[in-house]
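Read the structure below first, then the notes.
The values are calculated or read from the model by the stated rules, or taken from the named source; none is laboratory data. Model, not experiment: these values are computed from the prediction. Because the Cβ atoms are built from the backbone with ideal geometry, glycine has one as well, and the counts that use them run over all protein chains shown. Side chains included, ligands, DNA and RNA excluded: accessible areas come from the protein's heavy atoms. Shrake-Rupley method; radii C 1.70, N 1.55, O 1.52, S 1.80 Å.
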Amino acid sequence: MATLEMDQKKVDGSALKLELTRVIRASRARVYEAWTRPEILQKWHAPGDMNFVSATLDVREGGTYEVLSQGMMCAKEGMTDEERKRQVAVRGQYLRVIPNELLQFTWNGSWAPTETSMVTVFLRDVEGGTEIRLQHEQFATESSRDGHGMGWESLFGKLATALEG
């Protein structure tokens, strides 16, 4: 079961953030690999109805990553299926890497190229598997935070299916 919390922008102007927690019935090492190995990442890292295209990961502090996904945009009258296809990229840099415990990285989506946020993934052993606590912060707007919240919920469902199924 997942829980999702969203903080509103504070009076002092601090950034918006969301936090998502989920228990996955898999070892901490296996969950960490799902975030750091492209052959596992491809099984879950595309939100909603989108499909994974590719991933390049240099998982070390200062290393970079890029994940490409493709899917269909909402139809507008007269658009062909080819015109509706949309490829998106998420790119960033790893800030902290503690194998099997923590990943922290910047997050920049091609759909909002001027917004760079930060994601921290905490892993810990719990009864029945691994708890993932994801903090995503430094959003530019509430709508960006809310959209990312929906995206992460979708990804966590796919991650559970990939590792538990």
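Remarks
- Taking region 77-90 as the range and being open to solvent by less than 60 Å² (accessible area, probe 1.4 Å) and at pLDDT 60 or above as the test, the residues that pass are VAL88, ALA89, VAL90.
- Selection from region 5-20 of residues that are at pLDDT 95 or above and open to solvent by less than 30 Å² (accessible area, probe 1.4 Å): LEU18, LEU20
- Of all residues in region 139-165, those satisfying the criterion of being at pLDDT below 95, of a type outside the set (D, E, K, R) and open to solvent by 60 Å² or more (accessible area, probe 1.4 Å) are ALA140, THR141, SER143, MET150, GLY165.
- Selected residue (criterion: farthest from GLY92 (Cα to Cα)) from residues of region 110-138 that are of a type in the set (A, V, I, L, M, F, W, C) and exposed (fewer than 13 other Cβ atoms within 10 Å of the Cβ): VAL126
- Residues of region 21-76 classified as open to solvent by 50 Å² or more (accessible area, probe 1.4 Å), polar (S, T, N, Q) and either modelled with pLDDT of 95 or more or part of a loop (DSSP other than H, G, I, E, B) (or both), total: 4
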